[in-house]
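S.K.: I'd like to ask some things about the structure below.
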Amino acid sequence: MAHRGRLNVLMNIMGKSVADVFSEFEKGDPWESIGSGDVKYHMGYFRQYTTENGHEMYLALAFNPSHLEAISPVIQGRVRGKQDAIGDFKGDRVMGLTIHGDAAFAGQGVVQETLNLARLPGYRTGGTIRLVINNQVGFTTDPHEARSTTYSTDVAHLLQVPVFHVNGDDVEAAAYVARLAMGFRQRFKSDVVVDLVCYRKFGHNEGDDPTFTQPMMYDLIKHHPSVRTIYQRELVARGTVTIAEAEGLDARWIEEYDAALALARSHRKSRRAPMHGVWQSYRGGPDSDTPEVSTALDPASFDALAARLTRWPDDFNLHPKLQRLVAEAKEMLAGVHPLNWQMGEMLAYGSLLSAGIHVRFSGQDSQRGTFSHRHAVYTDSKTGRPWSPLYELGEGQGKFEIYNSPLSEYAVLAFEFGYSLIAPGSLVLWEAQFGDFANGAQIIIDNFLVSGEDKWNRLNGLVLMLPHGFEGQGPEHSSARIERFLQLAAEDNIQVCNLTTPAQVFHALRRQVLRPWRKPLILMSPKSLLRFRPSFSPRSEFIDGEFQRAIDDVDAKPEQVTRVMLSTGKVYYDLKEHRESLATDKVALVRVEQVYPFPSALLATILARYPNARELFWVQEEPKNMGGWTFVRPLLEDLIAELHQREGDPRFTVPRYVGRAASASPATGSPDSHALERKLILEEAFANLA
């Protein structure tokens, strides 16, 4: 909901005590909220409510940042998640109510994106009631400057749903419309919009002076009786209450508020609440406090799962090319060939589903995969019927949902974030068509994904799969902007990985659910590596392996190595190929698979294996002002300093950067220029070997 009226909703609908609200205005311990918490107008609340007829109802007011409309698709995801959890597939038992400002409802594109989700199979919730608090001004902007439509609610016509315009001064008309809207939603499972035409008493906040910009409006408001005064007069005129009774009611409220203020000033409460409800078994906090878990599959489970993943129904007409892919998959799963990235993913999902864990995946063209690599859902070549081997793994399996999303990043990522808040025991994933497109959802990433634990004490385990890699495809098809996520990384708030093998993806996805630690997982997923056989993983790494935060060079001869190169992602294979062409044994190639939380201790152990190494390089394919360099450089300098101090190891001095020059754009649009840049990076990386 919007800020204005939030304290009223917290107290009078959500049941938060007046004393608790007042206590948040009082000075507390400044140490408690250093770097965390949020303003009181952003905080959420929940309540178990019993109606007059004894019906139990759970009410939740969502936290939200000042990007107010960003919460709308988050609410949709929370509602859908709750509906799925309790089997409310018709939307009879769980409903979303969103409260908007008129300027935001008309002006914010995420409103249209959210409305567009209303009837889509992967996102429908049986209708949302959308209440627009129409103040007829947005901060200082008049309606004629803020929208091209007559009403702020006209964008809702794309759904052809009822829009009720009601006078906010008429209390009983508003109550009647509220009942009507609720009845319509319950009967027709449709969105409903209520445009409550009213005004704000003061400016944008209590200290603002709105007469600077709306002098005539605020001259009218100054002399206009309040809603309470108007309704009180009506009740007295009808004989419903007397003047004395009305004044007594006012006095009792003032007395209650005075008592609550005194209580708030005498008793200070902590503002950090413990995990509750479905989150009781999960935790946040530091990564170092969380033990690792086994993510490997025993051979029998692997073989049983392999058999289920490489079948299709007898009456299903599978595309001939897919039949060949399935035949190749059988050989991979049998150990004849290494497993590709598709099988790494499918094994991860299938193994979790077989354990009864729900998997939900959405994104643009995610069923087939942007690069025709996933094929999680098959389409009958003659009937168009969809089917997936992940639908039929056996009795007791978890529910598998994978949806091709609308062409939206903002609302869809927000929806999946909201869903993850309700489903901590599920694997919930969102995939961008190209990782570059994640910037269309940057508001959700900044204000919810990476900071929700710090601001609101809300955990989530959402997975973002962002195709990333420089292959000469141009500025908008190269970089998932790993540097942005690393800049937002602090206090172990997220996990940022750029993995080099399908087995690593398998273990990372399983670890995400099997550990009780819940943090968002940002995966820089590959493009060209999807069909690059040297990157494929042997069967043994799924049965005996585990997730590796950094991977040492098993081919290196430690005593011969004079230069250690650290890299992340696809560029490792470029370096390996070039090293083989030079036939040198002086270089060790170490892969940093998890860039954050940064594996300093593991890297210290790895570096200790190379007694004669004198040079430490960081090699990346991104420009110098992008990628991981600016993030890892101080961490590597700290690591070198610690090695000097702890082990008296003076070998390394400062880490050296190798990669593209700093650039305003992520990548060139010329394949030839891309190839030249790649050549220059490799030549620099291997130049002047001692």
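S.K.: Run the simple label-point estimate for Arg646 and Asn439 please: 7 Å along Cα→C-beta, distance reported in nm.
M.R.: My value for the distance between the label points is 3.8 nm.
S.K.: Could you work out [θ]222 nm for the chain from helices alone, using -39500 (n - 2.57) per DSSP H run of at least four and dividing by all its residues? Round to the nearest 500 deg cm²/dmol.
M.R.: -10500 deg cm²/dmol
S.K.: Then there's this: May I ask you to give the solvent-accessible area per residue for the chain, in square angstrom, as obtained with a 1.4 angstrom probe? It would help to have the intermediate numbers written out before the result.
M.R.: Numbers: 31640 Å² over 690 residues.
On a per-residue basis, 46 Å².
S.K.: Would you list which lysines come within 21 Å of Lys82, measuring only between C-alpha atoms, while excluding same-chain residues fewer than 8 positions from it?
M.R.: Partners within reach: Lys90, Lys189, Lys399, Lys519.
S.K.: In nm, to one decimal, how far is the modelled label at Asp208 from the one at Glu234, with both set 7 Å along Cα→Cβ?
M.R.: Distance between the two pseudo-spin positions: 2.8 nm.
S.K.: In addition: Report, in debye and to the nearest 20, how large the dipole of the chain comes out about its Cα centre when Lys and Arg carry +1 and Asp and Glu carry -1 on their Cβ.
M.R.: Computed about the Cα centre, the dipole is about 960 debye.
S.K.: A follow-up question, please. Using a Förster distance of 22 Å, how high is the FRET efficiency between Ala262 and Asn12, based on the Cβ-Cβ distance and rounded to 0.05?
M.R.: Once rounded, the FRET efficiency stands at 0.60.
S.K.: Within the chain, which is the longest segment containing none of the trypsin sites (Lys or Arg not before Pro) that sit in a DSSP loop and have at most 10 other Cβ atoms within 10 Å?
M.R.: After excluding every exposed loop site, the longest remaining stretch is 383-690.
S.K.: Just check region 539-690 against the gyration tensor rule for me: Cα atoms, a ≥ b ≥ c as the square roots of the eigenvalues, rounded for a/c under 1.5, and otherwise prolate or oblate depending on whether a/b exceeds b/c. Walk me through the intermediate numbers first.
M.R.: Working: a/c = 1.40, a/b = 1.32, b/c = 1.06.
It is rounded, given that a/c, with a ≥ b ≥ c, falls under 1.5.
S.K.: Counting other Cβ atoms within 10 Å of each Cβ, which GluC sites (Glu not before Pro) in region 203-287 have at most 14 and sit in a DSSP loop? Please report the intermediate quantities before stating the final value.
M.R.: On the way: sites: Glu206, Glu234, Glu245, Glu247, Glu255, Glu256; in loops: Glu206.
Sparse-neighbourhood loop GluC sites (Glu not before Pro): Glu206.
S.K.: Hey, could you grab the Kirkwood Rh for region 275-318? Inverse mean 1/r over distinct alpha carbon pairs, Å, one decimal.
M.R.: 14.9
S.K.: Here's another thing I want to ask about it. List the residues whose amide H sits under 5 Å from the amide H of Ile402, counting only those 5 or more places along or on another chain, with H placed 1.01 Å from N in the peptide plane.
M.R.: Here the answer is Phe361, since their amide H atoms fall under 5 Å of that of Ile402.
S.K.: To continue, here is another question. May I ask for the Kirkwood hydrodynamic radius of region 306-434, worked out over all distinct Cα pairs and given in angstroms to one decimal?
M.R.: For region 306-434, inverting the mean 1/r across all distinct Cα pairs yields 15.5 Å.
S.K.: Let me ask another. Once neighbouring chains are kept in place and the probe is 1.4 Å, which whole percent of the accessible area of region 382-424 is contributed by carbon and sulfur?
M.R.: Heavy-atom surface of region 382-424 belonging to carbon and sulfur, 1.4 Å probe: 53 percent.
S.K.: Return the sequence-ordered ³J(HN,Hα) values of region 163-179 in whole Hz as given by the Karplus equation 6.51 cos²θ - 1.76 cosθ + 1.60 applied to θ = phi - 60°, using x for Gly and Pro.
M.R.: 10, 9, 9, 9, 6, x, 6, 9, 4, 6, 5, 5, 5, 5, 5, 4, 5
S.K.: Per residue and in Å³, how big is the convex hull formed by the alpha-carbon atoms of region 55-175?
M.R.: Hull volume over Cα atoms, normalised by residue count, gives 131 Å³.
S.K.: Quick check: the angle from helix 341-354's long axis to the longest principal axis of the chain, C-alpha only, nearest 10 degrees?
M.R.: So the inclination is approximately 50 degrees.
S.K.: How much length, in nm to one decimal, is gained on full extension between Arg633 and Thr653, taken as 0.36 nm per residue of separation minus their Cα-Cα distance?
M.R.: That pair, Arg633 and Thr653, stretches by 6.0 nm at full extension.
S.K.: For a quick check: with amide H placed at 1.01 Å from N, whose amide H comes under 5 Å from Phe46's, ignoring anything fewer than 5 positions away on the same chain?
M.R.: Under 5 Å from the amide H of Phe46 lie the amide H atoms of Leu61, each far enough along the sequence or on another chain.
S.K.: What length, rounded to one decimal in nm, is gained on full extension from Ser372 through to Asp298, with 0.36 nm per residue of separation minus their alpha-carbon distance?
M.R.: Once the chain is fully extended between Ser372 and Asp298, it gains 23.7 nm.
S.K.: Against the longest alpha carbon principal axis of the chain, how many degrees, from 0 to 90 and to the nearest 10, is the axis of helix 71-86 turned?
M.R.: Result, in degrees: 80.
S.K.: Okay, next question. Sorted from largest to smallest, which semi-axis lengths in Å does the alpha carbon gyration tensor of region 1-78 give for its equivalent ellipsoid, taking the root of 5 times each eigenvalue?
M.R.: Values for region 1-78, descending: 24, 18, 11 Å.
S.K.: What list of ³J(HN,Hα) values in whole Hz, one per residue of region 458-466 in order, does the Karplus curve 6.51 cos²θ - 1.76 cosθ + 1.60 (θ = phi - 60°) give from phi, with Gly and Pro shown as x?
M.R.: In residue order, the calculated couplings are 10, 8, 7, x, 4, 9, 10, 9, 10 Hz.
S.K.: Now for a separate question. Can you pull the semi-axes for the chain, root of five times each eigenvalue of the Cα gyration tensor, sorted largest first, whole Å?
M.R.: 52, 30, 24
S.K.: Can you work out ³J(HN,Hα) from phi for every residue in region 538-551, in order, using Karplus 6.51 cos²θ - 1.76 cosθ + 1.60 and θ = phi - 60°, giving whole Hz and x for Gly and Pro?
M.R.: Values per residue, Gly and Pro as x: x, 3, 4, 6, 8, 9, 10, x, 7, 6, 10, 5, 9, 10 Hz.
S.K.: Another one. Looking only at chymotrypsin sites (Phe, Trp or Tyr not before Pro) in DSSP loops with at most 13 other Cβ atoms within 10 Å, what is the longest site-free stretch of the chain?
M.R.: Result for the longest clean stretch: 203-690.
S.K.: Another question, if that's okay. Rounded to the nearest 10 degrees, what's the angle between the helix 299-309 long axis and the longest principal axis of the chain, both from Cα atoms, 0 to 90?
M.R.: 70
S.K.: Determine the shape class of region 462-593: with a ≥ b ≥ c the square roots of the Cα gyration tensor eigenvalues, call it rounded for a/c under 1.5, and otherwise prolate if a/b is greater than b/c, oblate otherwise.
M.R.: Values: a/c = 1.65, a/b = 1.35, b/c = 1.22.
Judged from the Cα gyration tensor, region 462-593 comes out prolate (a/c at least 1.5, a/b above b/c).
S.K.: Which cross-chain or sequence-distant (5 or more) residues have an amide H under 5 Å from the amide H of Glu431, H modelled 1.01 Å from N in plane?
M.R.: The list, which skips near neighbours in sequence, is Ser362, Gly363, Gln364, Met465.
S.K.: Using the Cα gyration tensor of region 385-534, with a ≥ b ≥ c the square roots of its eigenvalues, what is the shape: rounded (a/c below 1.5), prolate (a/b larger than b/c) or oblate (neither)?
M.R.: Note, shape of region 385-534 comes out rounded.
The values are calculated or read from the model by the stated rules, or taken from the named source; none is laboratory data. Quantities reported herein were computed from a predicted structural model and do not represent experimental measurements. As a convention, Cβ positions derive from the backbone with ideal geometry for all residues, glycine included, and neighbour counts pool all protein chains shown. Note: areas computed on protein heavy atoms with side chains; ligands, DNA, RNA excluded. Shrake-Rupley method; radii C 1.70, N 1.55, O 1.52, S 1.80 Å.
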